[in-house]
Every structure is written in C-alpha cells, then in structure tokens.
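Data first, discussion second: the structure below is written as structure tokens.
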Amino acid sequence: MREFHVHTPDDEREAVASILDEYDVDYTVVSEDAGSALFFFPLPTAMVEPILDEFRDSGLDAEVDTVSTKAELVETPNFTELRQRYSGSVQKLSKAELHAKIREMQWPYQLYYLGTLLSVIAAAAGLLLDQPALIIGSMIIAPQVSSALAAPAGVLLGDWELFVDSVREQGLGLGVAILAAALFGWVVRWTGVVPPGLSILHVELVGVRLAPTALSTLGAIIAGIVGAFGYTTEQSTTIIGVMIAAAIIPAAAAAGLAIAWATPLLAVGAFLLLLVNILAINIGALVTLLGMGYAPRWTEADGSFRESIPSGKRTAVYGTLAILLLAAVGTGFLTGTNVAFSRTTNRNVETTLDRPAYSNLSLSGVQTAYGGVGWRSTPANVTVRVSRSSNTAYDDLPTRLERQIERDTNRNIYVTVQFTESGTANARGSSD
C-alpha cells in the first residue's frame, strides 16, 4: 500500500480530482494560501502505475509535486474495493518507484570499491582454504547487486546516465576485484602462508570456477531474474543480493588467483566465467523487467530510441552499447566452444569407462578447465574422479583417456585421474 501526497497549482486542481474520482480513489484535499492544493490519498501498490500514467498522459507530471510513502494501515470507504480490484495483479512497483529504489540502493563509489575489495579478498581466502562459509560471508558484504540491476533498469526507465554509470561501475569494480585477488594470492603464496607449490587446479572450490559451463550460465541468468523480480516487488532483497554476488565475487577471486599462480589458461577460463555470469545477470534482469511490463517509453508510437537519449550523452551511450554487444558476442562464442569441449570430454570419459576392463570403476565426476579457442599449445586440464572397489592400479587409464579426448577435441590435454576406494556390503539376517 502507498500513501500519496500530491501538491498542485489551483488551476490543475480539478484535473487531479477528476482522475482520482474516475478511479474511485478516496482523497483529502487541503487548500493553501499560495494558490495551491495538497491532495492526500492511499493506493494499492498495483494501482500506482495506472494513476501516474494518467497524470503523465494529462500533462500533470510536470505541474504537480508527488511524494509516495509506504502505508501500514488504510481504512477508507473505497480502499477495500480498490485492493480487491487489483488483487490479481502482481504487486510491482511503478516505474517512478523503481527508479527511486534503484537510485537509492546504489552505494557511494568509495564504499562500492571498498566493499568489492574486501569481499573479493575474503572470497580468495575462502577458496584457498576450501572454506565455503568464508565464501558465503564474502557474498553477503559484496555490493555488486547495486550496479548489476541498475544497467537494465536504466535502459527501460530511460535514464541513460544511470545505464552508462552502471556499466562503467561494473567493469571497474570487477577489474579492481581481479587485481586485488591477484595481489592477495601473490602475497600469501610468496610469504609462505600457503605452500608455494600448491596447485590451485586441485583446490576443489577453485577448480569448479575455472571455466564457464551451461549450468553456471543458467544459474547466473536465474540470479538476474530473481534479482529483477525481488527489486520490483516488496519481497525481501537480502538473499537476492547474496545470489547475485555468488555468481560474481568467487569467479573474480578465482581469476585473480590464477594470475597469481601464473597459469594464463586458467586465468582466461575464470575471467570468461566472470564475464558470462555478469552478462547473464544483466540479460536475465532485462528480460524479466520487460516481461513484467516495464516497457521503455521510446517503444511507443510517438517515441524513438535516438530521441530518448540526451544529445550530450549519445556518444557515451552508443559506445557503451557497442562494447556490450562485442562482449556478448565474444563471450557467447568462447563459452559455446568451451561447452562443446566439456561435452566431448564427458562423452569420451563415459565411453572409455564403459569398457569391460574398467567395469569395477564408477565415475564420480569430471572437471574440465577452459578448453575453448586459443592457447592450443598449453594443455587443457581434465580431472576425472572415479571410485574403485579393488586395489587394481589401472595405470593405463590416464593415458587412454588423454589419447581418446585429444583425438576427438584436437586439443592438447593433461589428464589427472583421482581414485577413491569404496566397498559395499549386503548383510541379511534370518530368524527362526
């Protein structure tokens, strides 16, 4: 529920009253000595957008001052009927309220970059320690949600300054995050806090973030969808911010650690994962906002995209859109090739383990680092985890997997097979 205060000149008083009467809105009006009037009236949340649209279509938006606050209790003759009339509608915020909310939730740039710095260092420490709790903590303090949703909202609300600032903030923030994680990794490595010979590929929480996958992309898209839905309704947004940060901060930390460990192929894979996730979040949020009815005004019959952009901002907006288009096409292509590489690798592992010689082995998982285009001379790491119920060595398995995968992918492959021992028992008791 919302309580509105509308301050209007006397010559527009009848126009405001006519709109409110047409919608059966209960209101109180107070005349002021300065030749103006102040309207007070409550509205169901879903009714805010139609009333504001009526003000705009009547040309009142430029003549009246409007303030909206959240109402806890409303008891007026027509309010119950109004609430029932709009009960079937999603209780989404109006465009004006969404715009105000997006602007309000943005962090001051000093706190934004400080929060990014602290959260990525915490995430990097959690990755190296293999501590999920520390990584979750880093997501809670991460401020990325404030910029990840501002870009798509800026496009649909016609606030191009917000759009450009958001994209720049995301890019600079992620750059700061990667550099901070790389510096942190270099310090803890060369000061002996962690063993200098530690392979980050074999740290489980790092290894799963060294390349984009179809499932990780799907998770980022869902984060964007949930984020847009949460911030356009009155639902709790605390967990939503954590979900969005989960797709960004650990990936940025993994990219920085790969740089610190001087593993360029792994750094490329982690950086690609980061780009895919941030683009997926923005695209998911944009599609969701469109689906919820937040259509930009320049799509109307009398509007145009070019005219919706202030003349002084067109160069910045067009340049930002071009960068985003190139990033989307490039990351889409690289992700597609990596997903194809992973699928081919998985198929070859399953085919090899289906042979009678490996009947005592059970596949536990396959982890592939980045295997897309580029750096073909550098081996792409593939880790295969299997469980065995005997002490058979299977010394030929890594070599056979390597040859099979290299033949089908045309890539230089480095295969690691990790064995875990397992045993089974089936005891039956009998009674006389």
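Some points to look at:
- When a 1.4 Å probe is rolled over the protein heavy atoms, the share of accessible surface on the chain that falls to carbon and sulfur comes to 58 percent.
- Segment 188-254 and segment 351-370 have Cα centres lying 28 Å from one another.
- Surface accessible to a 1.4 Å probe, per residue, for the residues of the chain, Å²: 49
- If R0 is taken as 41 Å, the Cβ-Cβ distance between Arg297 and Val193 corresponds to a FRET efficiency of 0.15.
- Listed values for segment 255-260 are Karplus-derived 3J(HN,Hα) couplings in whole Hz (6.51 cos²θ - 1.76 cosθ + 1.60, θ = phi - 60°), namely 5, x, 5, 5, 5, 4, and x replaces Gly and Pro.
- Placing dummy labels 7 Å off each Cα toward the beta-carbon, the span from Thr76 to Leu183 is 5.6 nm.
- The alpha-carbon of Lys101 sits under 17 angstrom from the alpha-carbons of these aspartates and glutamates, leaving out residues fewer than 8 places away in its chain: Glu3, Glu49, Asp159, Glu161, Asp165, Glu234.
- Degrees, to the nearest 10: 397-409 long Cα axis against longest axis of the chain: 50
- Treating r as the C-beta distance of His202 and Ile323 and R0 as 35 Å, the FRET efficiency rounds to 0.45.
- Reduced Cα scattering model of the chain, Debye log10 I(q)/I(0), q = 0.08 Å⁻¹: -0.60
- Remark: spin-label model distance Arg306-Gln418 equals 5.8 nm, labels positioned 7 Å along the Cα→Cβ axis.
- Estimated inter-spin distance, Ala393 and Thr315, nm [label 7 Å along Cα→Cβ]: 7.0
- With R₀ fixed at 60 Å, the C-beta to C-beta distance from Asp24 to Leu111 puts the FRET efficiency at about 0.85.
- In loop segments of segment 158-247 as defined by DSSP, there are no trypsin sites (Lys or Arg not before Pro) with at most 14 further C-beta atoms inside 10 Å of their C-beta.
- Only Lys, Arg, Asp and Glu carry charge here, each on its Cβ (+1 for the first two, -1 for the last two); on that basis the chain has a dipole of about 3200 debye about its Cα centre.
- Relative to its residue count, segment 136-183 spans a Cα convex hull of 64 Å³ per residue.
The values are calculated or read from the model by the stated rules, or taken from the named source; none is laboratory data. Please read these numbers as outputs of a predicted model, since none were measured by experiment. All Cβ positions, even for glycine, are placed from backbone atoms using ideal geometry, and neighbour counts span all protein chains on display. Heads up: the accessible areas ignore ligands, DNA and RNA and are worked out on the full protein's heavy atoms, side chains in. Shrake-Rupley method; radii C 1.70, N 1.55, O 1.52, S 1.80 Å.
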